[in-house]
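First comes the structure, then the notes that go with it.
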Amino acid sequence: MLPNYNASLPSRMNQVSGNKPKLKLQSYTPPALDGKLQPQATELEEAVLGAMMLEKEALSTVIDILKPEAFYKPAHNSVYRAIVDLFNNSEPVDILTVSNQLKKNGELELAGGAYYISQLTHRVASSANAEYHARIILQKFIQRELIRISTEVINHSYEDSSDVFDLLDKATESIYQLVDANVRKQQESISKLLAKAITQIEEASQQTSGVTGVPSGFTTVDRITGGWQRSDLVIIAARPAMGKTALVLTLARNAAVEFNKPVVVFSLEMSSLQLVNRLISAEAELEGDKIRKGDLRDHEFVQLNERIKKLSSAPLFIDDTPALSIFELRAKARRLKENHDIQMIVVDYLQLMTSGVEGRGGNREQEISYISRSLKSLAKELDIPVIALSQLSRDVEKRSTGTKRPQLSDLRESGAIEQDADMVIFIYRPEYYGLDVFEDDAPSRGMAELYIAKNRHGSIAQPRVKFIGQFAKFADVDYVEGAKEIYNSNKNLEPNQDFIAGQQNTITVQSKKWDDDKVDFGDSTDIIKGNPNHDIEEDF
């Protein structure tokens, strides 16, 4: 039996005639939206664009805060790009010039036409709050970028083919790129800067040693530099086998052990255990071969255990991550600064680092330039010195005449290194090239010159330090006042007349060859005539 559909429907006749009651219609409620809208502030975008076309003050303020991609609507993005183009060309910015620039860019229709551009100026009554509105737009943009980055990380995390460590690197890189591009340090007035400078000068005046930064442990170097200064990028360069790693390990050891300054060493060339063996060799003054082979005598084991006590308690950290990218280094340095308040970073060495940015690997020179700039920005951000090692080109070895001392032009792979660095130091050992003396005829055996070729805060100098190759360490030079002049003079050394005069009343006896029954020494004054305080010399 077929269902009676008519029974469930009201009769049209009944609705018209009104013999039966009308149906009561229920109000329609749309279902709740399950999706989410991205953070946005389109009304503020319109107000900011309108303010920029009305007043110059709003224009200069907003351009320093926002970039075109910060705008949510594509039309607003196009209008802002046109305003920036006019600003860069030093042209006036108003409704007509912006519309004309949009025509040149072929984006007038995309921006909504000339009528929409004119309407933007009606959305704002005053540009007084343009900066505040711009910062809200920037916050919304950062939120959208965080959502985008997080979504990409989530999607890649579900894929089994994704390498988890590569995913971590990309996530870290994206976050730090977002921070670097949008979180800027604000300018400070001269009055605040003067107050900080005076405070720093007063603190420096209380330092009797004259060292205001992280001490190097070398008297001659600290006298010139005042220690490694905050926010400085120091490049130490040399040819292979000159002792680059030995020098930075000595610098790190001196700062951490002698002055209790937390230091981190990022080693891309040697493993952490190899570096520790070098530190043990230098600290205990035992040859590296003996330590590697374990060929130590009992007294050498005692010497080793005694010498490394201070080293074991030093705030020294070593990271031997291979092929370290600048983003990884920055993330690790920030954590170490937060957790251990590190005071200096050492990178061994710069050419082994990677930029970690896709598209920069093709041109190695540009990649090295990007790395050096990033190291300088890291030094400024953490307000600590960063010491990075660098290789030199073979041009040093090709010089047939003259000195083999390196020059700034010898820095390998990029001229940006010398531009970004606050200080460039070359290691020069004439002994390596078979030369017995320096240019001033001073002996070069066991000596090294730290040639400061660039010093943004002081003078160019050539301090010298000891190089102890068997222990792979550098040490301070014990200078005696006037010793250099005496050594370089051609005068023959003359005997000490005072010493000779004191020996006139002294005779030497040999106790083992004389018989006690034949010789009666008696009182010592019989032998040491008139000089009872003089000791008897005995030859054993």
How about the stretch 101-130: which of its residues are β-branched (Val, Ile, Thr) and either within 43 Å of the chain's Cα centre (by Cα) or not in a helix (DSSP H, G or I) (or both)? 124
Every residue in the stretch 243-268 that is in contact with a Pro (Cβ under 9 Å, 6 or more places away or on another chain) and in a loop (DSSP other than H, G, I, E, B), please. 259, 260, 261, 262, 268
How about the stretch 227-241: which of its residues are of a type outside the set (D, E, K, R), modelled with pLDDT of 85 or more and surrounded by fewer than 20 Cβ atoms within 10 Å (Cβ to Cβ)? 229, 231
Go through the residues of the stretch 289-298 one by one and say whether even a single one is in contact (Cβ under 8 Å) with a residue 60 or more places away in the chain and surrounded by fewer than 16 Cβ atoms within 10 Å (Cβ to Cβ). no
Pull up the stretch 454-495, narrow it to residues that are under 34 Å from the mean Cα position of the chain (by Cα) and aromatic (Phe, Trp, Tyr), then point me to the one that is modelled with the lowest pLDDT. 479
Filter the stretch 408-424 down to the residues that are at pLDDT below 80 and not charged (D, E, K, R), then identify the one that is surrounded by the most Cβ atoms within 10 Å (Cβ to Cβ). 411
Taking residue 267, is it modelled with pLDDT of 85 or more and hydroxyl-bearing (Ser, Thr, Tyr)? yes
Given (1) among the small types (Gly, Ala, Ser); (2) surrounded by fewer than 14 Cβ atoms within 10 Å (Cβ to Cβ); (3) at pLDDT 85 or above, number of the condition residue 17 does not satisfy: (3)
What's the total number of residues in the stretch 46-99 that are over 15 Å from residue 131 (Cα atoms), among the small types (Gly, Ala, Ser) and within 39 Å of the chain's Cα centre (by Cα)? 3
Tell me which residues, restricted to the stretch 52-100, are more than 13 Å from residue 118 (Cα to Cα), of a type in the set (Ser, Thr, Tyr) and in a helix (DSSP H, G or I). 60, 61, 78, 80
Go through the stretch 287-308 and report how many residues are of a type in the set (A, V, I, L, M), in a loop (DSSP other than H, G, I, E, B) and either under 24 Å from residue 254 (Cβ atoms) or not assigned by TED's automatic domain parsing to the domain that holds residue 246 (or both). 1
Test of understanding: among 86, 146, which residue is surrounded by fewer than 16 Cβ atoms within 10 Å (Cβ to Cβ) and aliphatic (A, V, I, L, M)? 146
Please indicate, with yes or no, whether at least one residue in the stretch 48-70 is of a type in the set (D, E, K, R), modelled with pLDDT of 85 or more and buried (at least 16 other Cβ atoms within 10 Å of the Cβ). no
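The values are calculated or read from the model by the stated rules, or taken from the named source; none is laboratory data. As the structure is a computational prediction, the values presented were derived from the model and not from experiment. Using ideal geometry, Cβ is built from the backbone for each residue, glycine included, and neighbour counts are taken over all protein chains shown.
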